[in-house]
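Undergrad: Could you have a look at this structure, given as structure tokens, before my questions?
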Amino acid sequence: MSKKTDIFYNNFSTLYPLVDIFYKPQKRKLFELINNLPFGQLLEIGVGNGTHFQLYKTHKVIGIDTSSKMLEIANKYKKNNITLERMNAESLSFPDQTFDYIVMSHVISVIDNPEKMLEESYRVLKPNGRIYILNHFTPENWLRCFDNSIQTISKRLHFKSVFHIESLKTIKKFTLLKEIPFGKFSYFKLLIYCKA
Ligand SMILES: C[S@@+](CC[C@H](N)C(=O)[O-])C[C@H]1O[C@@H](n2cnc3c(N)ncnc32)[C@H](O)[C@@H]1O
């Protein structure tokens, strides 16, 4: 985690609800799937402002984030089955094989070192545990040009506009179970992986 990302998200925390409006339909689908899973220990990485916590109907949830401001807001939405901790996803303090499920919603293209986050996720996930990755993924259509063109701006906004999941070598440790595209151009997707 870089100090810059942390400062950015601390400052951005009050404006984040505006961005979040666009993510709401994807999140509804994500949590519909999550709530249908057998009860388990769930780690959510980069919880942000936590306005989605109401969508968690089951599971024992631990939410982590590096931004103290985001966590401050998230605390207001916390329910009994949710615990929050300030922690860096690149260096998790949980023992091996702790979680049945891990959720990463719009985090993988934000975090400084996604390889480390995936390595740590692999370590703390139980055998056959699942990871739910919701994000934008640069497609092989005209949107690729769009992602290319906003690279400078996206760096300033602390995310990678050009993002290919296959570029991460650690993702190959997991087995892809399902890919759920959203919208007309499938720019956003929910990828479900399993620790085989
Ligand atoms: C774009 S927001 C997504 C928030 C929420 N998951 C959502 O879907 O609305 C990314 C979040 O990841 C957090 N984050 C960035 N780097 C992190 C790291 N190394 N460890 C944990 N959280 C991190 C940021 O502070 C921010 O709250």
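Undergrad: When you look at Glu44, is it in a strand (DSSP E or B), at pLDDT 95 or above and charged (D, E, K, R), yes or no?
TA: It is true that Glu44 is in a strand (DSSP E or B), at pLDDT 95 or above and charged (D, E, K, R).
Undergrad: Moving on to the next point. For the range 73-91, enumerate the residues that are assigned to a loop (DSSP other than H, G, I, E, B) and without any contact (Cβ under 8 Å) to a residue 40 or more places away in the chain.
TA: Lys78, Lys79, Asn80, Asn81, Met87, Ser91
Undergrad: Output the number of the condition that Thr51 fails; it satisfies all remaining conditions of (1) at pLDDT 95 or above; (2) open to solvent by 20 Å² or more (accessible area, probe 1.4 Å).
TA: Failed condition: (1).
Undergrad: If you don't mind, there's one more thing I want to ask. Among the residues of the range 110-137, count how many are under 25 Å from Asn35 (Cα atoms), near the ligand (Cβ under 10 Å from one of its atoms) and not acidic (Asp, Glu).
TA: 3
Undergrad: How do the pairs read when you match residues in the range 29-53 that are touching a residue at least 12 places away in the same chain (Cβ under 8 Å) with residues anywhere that are buried (at least 24 other Cβ atoms within 10 Å of the Cβ) and of a type in the set (S, T, N, Q), using Cβ under 9 Å and keeping only pairs 6 or more apart or on different chains?
TA: Close Cβ pairs satisfying both conditions: Leu43/Ser121; Ile45/Ser121; Gly46/Ser67; Gly48/Ser67.
Undergrad: Scan the range 86-98 for residues that are buried (at least 16 other Cβ atoms within 10 Å of the Cβ) and within 12 Å of the ligand (Cβ to nearest atom) and jot them down.
TA: Within the range 86-98, Met87, Asn88, Ala89, Glu90, Leu92 qualify.
Undergrad: Now for a separate question. Looking at Thr83, Thr51, which one is more than 19 Å from Tyr122 (Cα to Cα), within 9 Å of the ligand (Cβ to nearest atom) and of a type in the set (Val, Ile, Thr)?
TA: Going through Thr83, Thr51 in turn, just one is more than 19 Å from Tyr122 (Cα to Cα), within 9 Å of the ligand (Cβ to nearest atom) and of a type in the set (Val, Ile, Thr): Thr51.
Undergrad: Another question about this same structure. Can we say Thr5 is outside any helix (DSSP H, G or I) and of a type outside the set (Lys, Arg)?
TA: Judged against the criteria, Thr5 is not a match.
Undergrad: OK, next. Scan the range 152-181 for residues that are within 17 Å of the chain's Cα centre (by Cα), within 16 Å of the ligand (Cβ to nearest atom) and more than 24 Å from Gly129 (Cα to Cα) and jot them down.
TA: Leu157, His158, Phe159, Lys160, Ser161, Phe163
Undergrad: Where in the range 99-196 are the helices (runs of 4 or more DSSP H), entirely inside, with at least 2 residues that are open to solvent by less than 40 Å² (accessible area, probe 1.4 Å)?
TA: Filter on the range 99-196 gives 114-124, 143-149.
Undergrad: Could you check the range 24-41 and list, in sequence order, the residues that are outside any helix (DSSP H, G or I) and either open to solvent by 10 Å² or more (accessible area, probe 1.4 Å) or touching a Pro at 6+ places or on another chain (Cβ under 9 Å) (or both)? Explain how you work it out, then say what you get.
TA: Narrowing the range 24-41 to residues outside any helix (DSSP H, G or I): 36-41.
Asn36, Leu37, Pro38, Phe39, Gln41, listed by residue number.
Undergrad: Can you name every residue in the range 182-196 that is among the hydrophobic types (A, V, I, L, M, F, W, C) and under 22 Å from Arg130 (Cβ atoms)?
TA: Restricting attention to the range 182-196, the residues satisfying the condition of being among the hydrophobic types (A, V, I, L, M, F, W, C) are 182, 185, 188, 190-192, 194, 196.
Matches in the range 182-196: Phe182, Phe188, Leu190, Leu191, Ile192, Cys194, Ala196.
Undergrad: Kindly indicate whether Pro17 is closer than 27 Å to Gly183 by Cα, within 11 Å of the ligand (Cβ to nearest atom) and modelled with pLDDT under 95.
TA: yes
The values are calculated or read from the model by the stated rules, or taken from the named source; none is laboratory data. None of the values given here were measured: they were computed from a predicted structure. Don't worry about glycine lacking a Cβ; one is built from the backbone with ideal geometry, like all the others, and counts go over all protein chains shown. In case anyone asks, the SASA skips ligands and DNA or RNA and just uses the protein heavy atoms, side chains included. Shrake-Rupley method; radii C 1.70, N 1.55, O 1.52, S 1.80 Å.
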